[in-house]
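Data block below; observations after.
The values are calculated or read from the model by the stated rules, or taken from the named source; none is laboratory data. Because the structure is predicted, anything quoted here is derived from the model rather than measured. Every residue, glycine among them, receives a Cβ derived from its backbone with ideal geometry; neighbour counts consider all protein chains shown. These accessible areas exclude ligands, DNA and RNA; they are computed on the full protein's heavy atoms, side chains included. Shrake-Rupley method; radii C 1.70, N 1.55, O 1.52, S 1.80 Å.
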Amino acid sequence: MLGNYALLVLAPILGMTSNIFVHILVSRFNQGRSQIKCLIFGFVFGLVCIVVLSLAANYRQVNSLDFVAYLLSGCIAYSALAYVYFHFININIASLRIRILQEVIDCPDGLTQEGILSRYNVKQMLDNRIDRLVDSKQLMLQQNIYYLGSNRTFLILFWFFEALKFIFLGRGNRLLSVTCQQTGSFDLLLGALWLNQFFRFLCIGAINTIFGYCAYALLVILGIDYRISLTVSTTLAVLFNYYTNGRFVFRNSGKKVLMKFVLSNLIMYIFNQSLLIILVSAGLGKLVSQAAIIPVVIIVSFIINKRWVFFKGKL
Amino acid sequence: MQILIYSISIVAIAIFLHLILLKMQQTAFVNAIVLIIFVFSLTLCAGFIIGALINKTIFFLPGGLWGILQVAIFYIPVMLSYVITYVALEDDSPSMTIVRFVDLSKEKGRSRKEIEQIITNEILILPRINIMLKDGWINYQNRKYQVTKKGRFYNQFFAFGLKLLRITREG
């Protein structure tokens, strides 16, 4: 049993080892093949290894929830390792800094700025990049004009990274916003939606709910009584909610705002509790009642936060 | 199941902590990578210490030592992925920028000249030379850039991968 569990735990490491091994083999003996295809091949091989190892270690309990959890944990860990490996390979091929560094190393006497640019500049970079984009069908070339190709992977990645940049850095792509004189990176539906305060409130609310649950789950697993865990996680969640709503949704903060926020949460809790008691007493089921109350609570909570808690002007 | 939920929860807490520190901008760390590693390490250690104190044993997760190892095998790659993604966010990818720039033109398309206007040496190459100077990969002496020991180390580290895979550096 211990041996089987060890195999389950080590499956991501073993899967990654086989991924790297297969990738090196395919890359060395199939020169000319796209590196992305070699990496995908290695990734799939490693993933299959993990599934096979996990099944071999736990074949008697394939249908159990625990086995699914082990497999999921292993796959997530493996995917993260594969992602790191992909970037290590990609940096080697595509990194501008590494390429510039190579040019400086190749000249023992050193290089002036003009010297660096004569050896490696934007024109060469664009030649390499655009060729790769056309080869991978991200772009297509017709009569010296470039159009979007059939492969939309990079475009999807662009929007994914734009969303992350907005969350982490508070800005979008600088190259496009400065040179194209766009008003912002989010000029499509997602951008228009994000400008809507209620949409932001819903998104931040979802994140806050995840945070609250993660805090509760962590405390319970650590061995703290579930009632104390709920109290502590709710306190943390209220503070976190205050910060995220103040920062991202209503753009207002301060001690007074915090006090109003705590009070409004208490009001919403009493409101929710009262409504729930009324509906359950009226004969509606406990689960259905709360499900029905949630949209009401969300809307009332948004109005209270907007018009009172985070309100900046005079009423 | 307990280990999976514990691992995901602790990663989520670490990410939220990092976001808060980032937005508060009250940190002594000048290096974003060091900050992320610090926050993640602190969260993981705090999780284990609190669990050990409450349960009076370090092996409070199912599976004992293997349970802790499972959490570590989940946590560390996710942390590294987070570091890589965060660092990638700070630089705008030229390839993704080109694709989006062409996408903006819709049916009209873009000529090579138009693409060259949004990506220039001043925007792409020169700032990277400055970053390498700041990070100590190269130094500037007698009006010339020369590689440092640190720069040579990084180059050799990455060049090893190239040799192993028999691929060429393109940039």
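Of all the residues in the range B:140-164, those that are over 20 Å from A:His87 (Cβ atoms), loosely packed, with under 12 Cβ neighbours inside 10 Å and within 24 Å of the chain's Cα centre (by Cα) number 1.
Taking the range B:82-98 as the region of interest, how many residues are small (Gly, Ala, Ser) and surrounded by fewer than 19 Cβ atoms within 10 Å (Cβ to Cβ)? Number satisfying all stated conditions: 1.
On inspection, A:Asn58 does not qualify as at pLDDT below 85, at the interface with chain B (Cβ under 7 Å from one of its Cβ atoms) and in contact with a Phe, Trp or Tyr (Cβ under 6 Å, 6 or more places away or on another chain). Applying the set (1) β-branched (Val, Ile, Thr); (2) in contact with a Ser or Thr (Cβ under 7 Å, 6 or more places away or on another chain); (3) surrounded by fewer than 16 Cβ atoms within 10 Å (Cβ to Cβ) to A:Val84 leaves exactly one unmet item: (3).
Residues of the range A:107-148 that are among the β-branched types (Val, Ile, Thr) and open to solvent by less than 20 Å² (accessible area, probe 1.4 Å): A:Ile116, A:Val122, A:Ile130.
The number of residues in the range A:206-222 that are buried (at least 17 other Cβ atoms within 10 Å of the Cβ) and either more than 16 Å from B:Val11 (Cβ to Cβ) or of a type in the set (A, V, I, L, M) (or both) comes to 9.
Residue check: B:Met79 meets all listed conditions (1) touching a residue at least 60 places away in the same chain (Cβ under 8 Å); (2) more than 7 Å from chain A (Cβ to nearest Cβ); (3) not in a helix (DSSP H, G or I) but one, namely (3). Scanning the range B:70-93 for residues that are of a type outside the set (Phe, Trp, Tyr), within 8 Å of the chain's Cα centre (by Cα) and farther than 18 Å from B:Ile129 by Cα gives B:Leu80, B:Ser81, B:Val83, B:Ile84, B:Thr85. The one condition from (1) touching a helix residue (DSSP H, G or I) at 6+ places or on another chain (Cβ under 9 Å); (2) β-branched (Val, Ile, Thr); (3) modelled with pLDDT of 85 or more that A:Ile40 does not meet is (1).
Within the range B:116-138, can one find any residue that is in a helix (DSSP H, G or I), surrounded by fewer than 18 Cβ atoms within 10 Å (Cβ to Cβ), in contact with a strand residue (DSSP E or B) (Cβ under 9 Å, 6 or more places away or on another chain) and more than 7 Å from chain A (Cβ to nearest Cβ)? Within the range B:116-138, one or more residues are in a helix (DSSP H, G or I), surrounded by fewer than 18 Cβ atoms within 10 Å (Cβ to Cβ), in contact with a strand residue (DSSP E or B) (Cβ under 9 Å, 6 or more places away or on another chain) and more than 7 Å from chain A (Cβ to nearest Cβ).
When the criteria are applied in full, B:Ile68 fails the requirement of being facing chain A (nearest Cβ under 9 Å), assigned to a helix (DSSP H, G or I) and crowded, with 17+ Cβ neighbours inside 10 Å. Would you please name the residue that is modelled with the lowest pLDDT, looking only at residues in the range B:9-33 that are in a helix (DSSP H, G or I) and open to solvent by 70 Å² or more (accessible area, probe 1.4 Å)? Going through the qualifying residues, I end up with B:Met24.
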